[in-house]
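Have a look at the structure below, then the notes.
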Amino acid sequence: MNNTSKFIALSLSVLLASCGGGNKWHLNGTITGLSDDDMVVLEGNNQGYWYPMDTIKVSSSGSYSYSHEAQGYPDIYRLRVGDKSVYFPIDSIETVTLSAEAPDIDTRYTLSGSPQAANLVRVDSLIVAAAKDGAASVTANADLKRQLGQMIIADPAGIVTYYIINKSVAGKPLFNPAVKDDLKMIGAVANAFNERRPEDPRTGYLRRLFLSNRTKSPSQPENTSLPVANEVRAFDIRLFDNTGKEHSLLDVTSKGNVVILNFTAYTADGSPAFNMALNKIYEKYHSQGLEIFQVSLDNDEYAWKQTAKNLPWITVFNGPNDGDKAIRDYNVGSLPAIFIFDRNGDVVDRVTDMASLESAVSRRM
């Protein structure tokens, strides 16, 4: 199965998982290498502080299965054995599979079952790779910060973004509120949570974290506004349309228009209805400066061309041979994925509900 198919299958598995099991999330897997004295503890987080929630019963073969009432908003949990922990995200009522080998469960584990789980694995793998020269160098690794910044800007109100902002290595935070550029990123995340998750208990925490670390001169008036999530510029996508012409996303976003970036699959069942809804927005706002840059992740290039030739906007093909760089850059975990660029060429929104796309576009026109 290629990377595109994996992403589409992943989104479908999440949908199917959410159709049953009641209002609970589920965790299962295996933990091998435990001694008779080892205890597997499930812990939750309260504004940076970890607390025990339950103990996990593991069979003699190492398998376990656990479920917990969903709490109405995404969160990060962890399993701890001794002084080692492995983290996992819960977005809603999905089933996540976490398997590990004791005693080093923090480095010898696998995690799957949701797009956010895949994203968290990527974060931890980037950190491990950056730590090859020593844990102390991780927080000063500019390439690591750039890659994590990409993930943040792609989903500033996501639970894995919250994980990144609060992650520490060797006792040092990856994003230090005492550092100006890091604080801007924290503020951008706080702003995204404030706009999209006003009832989330983490929203107030992020806002306080930003405001309490902001410096101002005695004569400077108090300003409680938060920066928007445009501290990291967009990432280019260069692919070809159905006529063989190459298009650059950055070229499109540099012309002073509002741009919708959409990752989709034309062979998906819901694609015709989705494109019809997208076309209504395009017809309404195109004359005011709206452009659409649509990336097809189909496996069948011929089927893509049959649809693409009838669409009025830019549509390019990211086939199996084109790799998954664009998918990784924009942290695409399910389809369709929608981003909005403002007239300055900055990513200013990630739209997760098609019903809210028009209002999100109209705010930028």
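The values are calculated or read from the model by the stated rules, or taken from the named source; none is laboratory data. All values derive from a computational prediction rather than experimental measurement. Neighbour counts run over all protein chains shown; Cβ positions are idealised from the backbone, glycine included. Protein only, heavy atoms only, side chains kept; ligands, DNA and RNA dropped before computing areas. Shrake-Rupley method; radii C 1.70, N 1.55, O 1.52, S 1.80 Å.
Worth pointing out:
- P(r) of region 33-169 over all Cα-Cα pairs, binned every 10 Å from zero, in whole percent: 11, 41, 36, 12, 1
- Segment residue 142-residue 128, length gained on full extension (0.36 nm per residue, minus Cα span): 3.6 nm
- In this rough spin-label picture, where each label sits 7 Å from Cα along the Cβ direction, the residue 199-residue 54 distance is 2.3 nm.
- Pairs of Lys residues in region 62-204 are counted when their Cα atoms are under 17 angstrom apart and they lie 8 or more places apart or on different chains; the count is 9.
- Global form of region 137-217, assessed from the alpha-carbon gyration tensor, a/c cut-off 1.5: oblate
- Using a cutoff of 8 angstrom between alpha carbon atoms and counting only pairs six or more residues apart, the relative contact order for region 40-142 works out to 17 percent.
- Under 5 Å, built H, 5+ apart or other chain: amide partners of residue 168: 174
- Surface per residue (accessible, 1.4 Å probe) for region 135-184, Å²: 37
- Accessible surface of the chain [probe 1.4 Å, protein heavy atoms]: carbon and sulfur percent: 50
- Inter-site label distance for residue 37 and residue 300 at 7 Å from Cα along Cβ, in nm: 6.1
- For region 244-328: rounded, prolate or oblate by the Cα gyration tensor [a/c cutoff 1.5]: oblate
- Region 148-204 and region 335-362 have Cα centres spaced 20 Å apart.
- Tail fraction, Cα-Cα pairs, the chain, threshold 26 Å, whole percent: 55
- Rolled with a 1.4 Å probe across the full set of protein chains, the surface gives residue 122 an accessible area near 50 Å².
- FRET efficiency for the residue 212 to residue 355 pair, using the beta carbon distance and R₀ = 35 Å, is estimated at 0.45.
- Helical contribution to [θ] at 222 nm, DSSP H n ≥ 4, -39,500 (n - 2.57), averaged over the chain, rounded to 500: -10000 deg cm²/dmol
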